[in-house]
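Enquirer: I'd like to ask you about the structure that follows.
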Amino acid sequence: MKIVPGAVCEAGTSRANKTGGWRTFKPVYDYDKCIKCKLCELLCPDSAVKPREDGYFEFDYDFCKGCGICANECPKDAITMELEEK
Amino acid sequence: MPRETTMDKSKMVVVEGSYAVAHSVKVCRPNVISAYPITPQTHIVEDLSQFMADGEIPNCEYINVESEFSALSALVGSSAVGARSYSATTSQGLELMHEVLFNVSGMRLPIVMTVANRAVSAPISIWNDQQDSIAQRDTGWIQLYAENIQEASDMTAQLFKISEDKDIMMPSMACMDGFILSHVYEPVVLLEQDITDEFLPPFNPERTLDPSNPLTFGAFADPNYYTEFRYLQEQAMQTALKKIETVADEFSDMYGRYFGGLIDEYQTEDADIIIMAMGSIVGTIKDVIDRLRENNVKVGLLKVRAFRPFPAEAIKNVIKDAKVVVVLDKNISLGMNAGALFIETKSVLYNTDIDVPVTGYMIGHGGRDIPTSTIDKIIDDAKEIMKSGIKTESQFTDLKEELV
């Protein structure tokens, strides 16, 4: 592979650069508490909250950096941050 | 064979330096101009604004922005889509651009910007020295310094051609001394549209931002790749060394005007003392040389036109047989007690066979006037060095001891 001057390459490169490995704590849903309010999806700075067909959500751990905003903002405390086990 | 400039008097008009530069920009057919006012650069973008209002610049957007950071950031986008992009700034404005300067050169966007050189605060000063652009020497921008208004305006077309060369693709600064050149009225030939249309081809970059073919510019480079991007930028600078010369020659052939390529020489052939300098001070030095030559003082001038890329070989060639080299700097690297041109000149002589004493003078800070008597005094010092060697390597000039 040759590099291109100006670091010009195809668009959407952040998809190739999986940043989930930066995470120390991972968010986990308790679907019994979730009211499908969508706040977590709206507030996630990395678009790592994906809607499911049943109206609930799931985390894309390839890109979730574990910032915890979703857990902090969840009005029903339906998200807990768990320490990543190596 | 030295090239001569013959000015066609029937084509000459008396205009302000800023107007001559703005006219050149117009003639270069820019597609995007970003503008934020700052003294002493403001007249350039004001004149361009007038041209826009009068419908004299077709196919061009003129963007008023809210800071110099935005002025250059706007051009990152416009240059990436393939628009010929221009701005002008100075002093604090240029320093505010610092981060964006690296982005522009790193993304290989051939933006041309006029810098009306001005001192940097604090203390606040609107007057001329060259600290502002010298402080940006490591950002990957080509820097040429103009001696007079004609050169500053002609340089604009040369720099678009150099920067947009597909083997270079690096941005450049056309540096002209603030007020001394930006606000002075001089007879000049305004850049000719018909010749320029032949001289400067349309900007046609290999890679552009285009929604139908999306690309990323300046993508993430991890430690496995970053070094190689810097290496390519340095190679482009080395290519620019040759291109600056060939473009100046080509310009001379087509327009009949020549102010030097990387450097220019004045009475250097047999000179014992060679003075090195950049910008408008060169005119004062030539006057002094003319007078001293009548008294058989063998003194010559090496005008440094390109500071980045640094013309090491060209400089070595000129000064190798001199007995003393005197370097004048309108800047200081604080903590080094020396100006940048002096430091660089000394550094390129190390590890060579050239053994000529080099002495430096920091001069004209914050617009301090540089009379011919000051140049006389410096040349007297140089004569002393020829006899008894260097006592002071680098010093302030005309320092008012009673004030400190």
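Enquirer: State which residue is surrounded by the most Cβ atoms within 10 Å (Cβ to Cβ) when the search covers only segment B:82-106 and only residues that are touching a Pro at 6+ places or on another chain (Cβ under 9 Å) and within 14 Å of chain A (Cβ to nearest Cβ).
Expert: B:104
Enquirer: Being in a helix (DSSP H, G or I) and facing another protein chain (nearest Cβ under 9 Å) is the filter here, so list the residues in segment A:1-29 that pass it.
Expert: A:13, A:14
Enquirer: A further question follows. Please go through segment B:215-253 and give me each residue that is more than 12 Å from chain A (Cβ to nearest Cβ) and charged (D, E, K, R), ordered by number.
Expert: Scanning segment B:215-253 gives B:242, B:243, B:245, B:249, B:250, B:253.
Enquirer: With a cut-off of at least 2 residues that are under 17 Å from residue B:138 (Cα atoms), name the helices (runs of 4 or more DSSP H) lying wholly within segment B:269-358.
Expert: B:340-349
Enquirer: Among the residues in segment A:21-33, are any within 13 Å of the chain's Cα centre (by Cα), under 28 Å from residue B:103 (Cα atoms) and at pLDDT below 95?
Expert: Yes: segment A:21-33 contains one or more residues that are within 13 Å of the chain's Cα centre (by Cα), under 28 Å from residue B:103 (Cα atoms) and at pLDDT below 95.
Enquirer: In this structure, does residue B:220 turn out to be over 22 Å from the mean Cα position of the chain (by Cα) and exposed (fewer than 14 other Cβ atoms within 10 Å of the Cβ)?
Expert: yes
Enquirer: What number of residues within segment B:25-50 are touching a strand residue (DSSP E or B) at 6+ places or on another chain (Cβ under 9 Å) and in a helix (DSSP H, G or I)?
Expert: 9
Enquirer: Which residue out of B:119, B:157, B:135 is in contact (Cβ under 8 Å) with a residue 60 or more places away in the chain and touching a His at 6+ places or on another chain (Cβ under 7 Å)?
Expert: B:119
Enquirer: For a quick check of your reading of the model, give me the residue pairs whose first member lies in segment B:198-214 and is within 11 Å of chain A (Cβ to nearest Cβ), whose second is outside any loop (DSSP other than H, G, I, E, B) and acidic (Asp, Glu), with beta-carbon atoms closer than 8 Å and at least 6 apart or on different chains.
Expert: From segment B:198-214, the pairs are B:214/A:10.
Enquirer: State yes or no: is residue B:180 in a helix (DSSP H, G or I), touching a residue at least 40 places away in the same chain (Cβ under 8 Å) and out of contact with any Leu (no Cβ under 7 Å at 6 or more places or on another chain)?
Expert: no
Enquirer: If a residue has to be under 11 Å from residue B:316 (Cβ atoms) and buried (at least 23 other Cβ atoms within 10 Å of the Cβ) to count, how many in segment B:346-365 make the cut?
Expert: Total satisfying the criteria: 0.
Enquirer: Then there's this: Can you find even one residue in segment B:298-313 that is among the acidic types (Asp, Glu) and in contact with a strand residue (DSSP E or B) (Cβ under 7 Å, 6 or more places away or on another chain)?
Expert: Within segment B:298-313, none of the residues are among the acidic types (Asp, Glu) and in contact with a strand residue (DSSP E or B) (Cβ under 7 Å, 6 or more places away or on another chain).
Enquirer: Additional query: Taking residue A:75, is it away from every other protein chain (no Cβ under 14 Å), assigned to a loop (DSSP other than H, G, I, E, B), within 30 Å of residue B:105 (Cα to Cα) and free of Cβ contacts under 8 Å to residues at least 60 places away in the same chain?
Expert: In short, no.
Enquirer: Okay, moving on. For residues that are of a type in the set (Ser, Thr, Tyr) and out of contact with any helix residue (DSSP H, G or I) (no Cβ under 8 Å at 6 or more places or on another chain), scanning just segment B:227-262, find the one that is nearest to residue B:24 (Cα to Cα).
Expert: B:252
The values are calculated or read from the model by the stated rules, or taken from the named source; none is laboratory data. Quick caveat: nothing in here was measured; it's all calculated off a predicted structure. Note that each Cβ is placed from the backbone with ideal geometry, even for glycine, and that neighbours are counted across all protein chains shown.
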